Amino acid sequence: MEEKKKEETWKEVLCLEEKLILLLPPNWTRMSKEGIDRLFPYKVQPKEIFGLEEEKKVFTLQLLSKPLGEDQVYAAVKEIRRVIEKKYPESSRLFIKRKKLKAGEAGWFSFVTGREEKEEVHYMFILSFNGELLLGSYHFPAREEGEELSVFYQLLKEMKKAEE
């Protein structure tokens, strides 16, 4: 019984050059280099990637060297959403939401890609983290959106700055 309880516990990981503490769901891991290359076969890849590759649940983080004040979060999310809608017309699911979190002011939205049988939901978020732009996303199969939405909210809610 104790073993099962331990497995179900979310675990803290230090990431983004030890600047951010992230609380990960049970069984989630940092993606391997091979897994990252398969999922993101691009020259520029997210800095941090966690999740369950075999279940297609992927959480990414990228701290950019761009200043972003808390009062700029909504406008930044709105602009990214506009670009996504241009590439994937009629894909929007969740309109822009904002919330003050432990780690800073955040804003997010969601959209869908793929064919009906293989639809994936993408939650994209921006966080004003120490005055810089932190860009992140959570991708998962659309059929699991009900339960994964609560995972996304928990991931955001528990993110916090590492003690300096």
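The values are calculated or read from the model by the stated rules, or taken from the named source; none is laboratory data. This one's a predicted model, so the numbers in the text were calculated from it and none came from an experiment. Cβ atoms come from the backbone with ideal geometry, glycine included; neighbour counts cover every protein chain shown. SASA here: full protein model, heavy atoms, side chains in, ligands and nucleic acids out. Shrake-Rupley method; radii C 1.70, N 1.55, O 1.52, S 1.80 Å.
Counting just the residues of segment 71-80 that are touching a residue at least 40 places away in the same chain (Cβ under 8 Å) and under 18 Å from the mean Cα position of the chain (by Cα), which one comes out nearest to Glu120 (Cα to Cα)? Of everything passing the filter in segment 71-80, Ile80 is nearest to Glu120 (Cα to Cα).
The residue pairs whose first member lies in segment 7-18 and is closer than 14 Å to Thr29 by Cβ, whose second member is open to solvent by 100 Å² or more (accessible area, probe 1.4 Å), and whose beta carbons are closer than 9 Å, counting only pairs six or more residues apart or on different chains, are Glu7/Asn27; Val13/Arg30; Cys15/Arg30; Cys15/Lys47. Close contacts from segment 84-106, counting a first residue that is at positive phi and a second that is aliphatic (A, V, I, L, M) and surrounded by 15 or more Cβ atoms within 10 Å (Cβ to Cβ), with Cβ to Cβ under 7 Å and a gap of 6+ residues or different chains, come to Gly104/Leu127.
When restricted to residues that are under 17 Å from the mean Cα position of the chain (by Cα) and open to solvent by 30 Å² or more (accessible area, probe 1.4 Å), segment 114-123 contains 1.
Residues in segment 124-163 that are in contact with an Asp or Glu (Cβ under 8 Å, 6 or more places away or on another chain), surrounded by fewer than 19 Cβ atoms within 10 Å (Cβ to Cβ) and among the hydrophobic types (A, V, I, L, M, F, W, C): Ala142, Ala162. Among the criteria (1) open to solvent by less than 30 Å² (accessible area, probe 1.4 Å); (2) in contact (Cβ under 8 Å) with a residue 24 or more places away in the chain; (3) touching an Asp or Glu at 6+ places or on another chain (Cβ under 6 Å), the one Thr60 does not fulfil is (3).
For (1) in contact with a His (Cβ under 9 Å, 6 or more places away or on another chain); (2) of a type outside the set (D, E, K, R); (3) open to solvent by 80 Å² or more (accessible area, probe 1.4 Å), each residue gets a yes or a no:
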site	(1), (2), (3)
Ile21	no, yes, no
Glu48	no, no, no
Glu55	no, no, yes
Glu90	no, no, yes
Leu94	no, yes, no
Lys97	no, no, yes
Lys102	no, no, yes
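Within the span defined as segment 88-105, one or more residues are more than 20 Å from Leu133 (Cβ to Cβ) and among the aromatic types (Phe, Trp, Tyr).
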